[in-house]
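The block underneath contains the structure these notes are about, expressed in structure tokens.
The values are calculated or read from the model by the stated rules, or taken from the named source; none is laboratory data. Quantities reported herein were computed from a predicted structural model and do not represent experimental measurements. Here Cβ is always computed from backbone atoms with ideal geometry, including for glycine, and neighbour counts include all displayed protein chains.
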Amino acid sequence: MTGGIGDCGGRLWDGADGVRLLVVRCGAFRFALPTGLVRGVVSAEEIVPLDLPDLEGLMWRDGELIPATRLHPLLHSSRSKESGDGHGVLVHAEGRLLCVMVDEAMDLVEVPAESIVPLPELVKRALKVDGLESATLTDELLLILDPVRLLGTERVATLVRAAAVAVNSDSVSEGRG
Amino acid sequence: MLRLIAFSLDGEWYGLEVSHVRGIEPESQISPVPRAPAWLLGVFNLHGTILPAIDLRPLLGMADRKKNDATLLLIFHWEGNLAALRVDSVDEMYELPRSSLEPQLATGSADPTELLLGQVRVRDRVIGVIDPDRLVAALVEE
């Protein structure tokens, strides 16, 4: 990876001339996540795995319990077998941190703001999902994904509750990140 | 007069009125999108605009077919929007009396009358005339 992906620093990373995006791979697809949503990238090794519906695992950062979930089911995609364990992208969701797991966090890029264009209405209607509404046209066409909108408020709340239940169970030993 | 651009899909002929056609392009890089219905091949960049690439085969009851070197994208518009149909080939433009449009389809494929204005007969061909408005309505119902 290039560009110091590990810690996006919580800043709104819009450059003077462009918009900064984190490029990730999830199954057969590559997406760009606005870095304004991203609070960091972690190795999947930092996540305590759980065998629960939707809740892939848990991690801790600065004493905060962070639920981890995969985007693949929401994208109707399979996890790439070549990815290894993958990465977790920390995003702000409903006032707390959430970890969305991807096959690979690939690169930080900056694109001209004018290169970001909306997806056609026909496509948005066909996909029937929030969080996929625009793309950037530079050397390649990259879909811009808002993972929090893709998940939705209810799912995020469910993940937070599930994480709280899991951490209080005997099956999870607490760690500090 | 009825002015049609005729195109083929697996040996069957269909047409769009010229007034709806914006161009013909060789198929370039189409980016797949997640959760796409069967008819949505993906999206691509045409001169700075993102267009959906549509495969008519699922709507016409045809078998899936991979892109080959000769595949073309027929760019069409409806209600201010642009989209592209993946087609095998594009034939000449036909100019016919509008009275030659017949209401019944007889191409041997699944009967997609909900997509068609009707059909015309030109020499040895039967050409199903697609209505873009009906096509788009069918797509969003999928």
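Structure data summary
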item: Residue list for the range B:18-51, filter: facing chain A (nearest Cβ under 8 Å), more than 18 Å from residue A:116 (Cα to Cα) and part of a strand (DSSP E or B); result: B:40
item: Residue tally, condition at the interface with another protein chain (Cβ under 9 Å from one of its Cβ atoms), more than 13 Å from residue B:51 (Cβ to Cβ) and either surrounded by 19 or more Cβ atoms within 10 Å (Cβ to Cβ) or in contact with a Gly (Cβ under 6 Å, 6 or more places away or on another chain) (or both), over the range A:128-144; result: 3
item: Residue check, residue B:65 surrounded by 14 or more Cβ atoms within 10 Å (Cβ to Cβ) and of a type in the set (Lys, Arg); result: no
item: Residue list for the range B:78-105, filter: aliphatic (A, V, I, L, M) and part of a strand (DSSP E or B); result: B:82, B:83, B:84, B:85, B:87, B:90, B:93, B:96
item: For residue A:70: the one exception among (1) within 14 Å of chain B (Cβ to nearest Cβ); (2) touching a residue at least 40 places away in the same chain (Cβ under 8 Å); result: (2)
item: In the range A:104-122, residue surrounded by the fewest Cβ atoms within 10 Å (Cβ to Cβ) [restricted to those that are within 13 Å of chain B (Cβ to nearest Cβ) and not in a strand (DSSP E or B)]; result: A:114
item: Cβ-Cβ under 9 Å pairs, at least 6 apart or on other chains, the range B:11-26 side of a type in the set (S, T, N, Q), far side surrounded by fewer than 18 Cβ atoms within 10 Å (Cβ to Cβ) and at pLDDT 95 or above; result: B:19/B:3
item: Any chance residue B:75 is part of a strand (DSSP E or B), free of Cβ contacts under 8 Å to residues at least 12 places away in the same chain and not hydroxyl-bearing (Ser, Thr, Tyr); result: no
item: Yes/no for residue A:125 being within 14 Å of another protein chain (Cβ to nearest Cβ) and over 19 Å from residue A:44 (Cβ atoms); result: yes
item: Among the residues listed as B:9, B:51, B:72, the single one being over 27 Å from residue A:143 (Cα atoms), surrounded by 14 or more Cβ atoms within 10 Å (Cβ to Cβ) and of a type outside the set (Phe, Trp, Tyr); result: B:9
item: Flag if residue B:87 is farther than 24 Å from residue A:136 by Cα, surrounded by 17 or more Cβ atoms within 10 Å (Cβ to Cβ) and either touching a residue at least 24 places away in the same chain (Cβ under 8 Å) or within 14 Å of another protein chain (Cβ to nearest Cβ) (or both); result: yes
item: Residue A:79, sole failed condition from (1) outside any strand (DSSP E or B); (2) within 11 Å of another protein chain (Cβ to nearest Cβ); result: (2)
item: Test for residue A:126: is it in a strand (DSSP E or B) and not acidic (Asp, Glu); result: no
item: Unmet criterion (only one of (1) more than 14 Å from chain B (Cβ to nearest Cβ); (2) part of a strand (DSSP E or B); (3) modelled with pLDDT under 95; (4) surrounded by 19 or more Cβ atoms within 10 Å (Cβ to Cβ)) for residue A:31; result: (1)
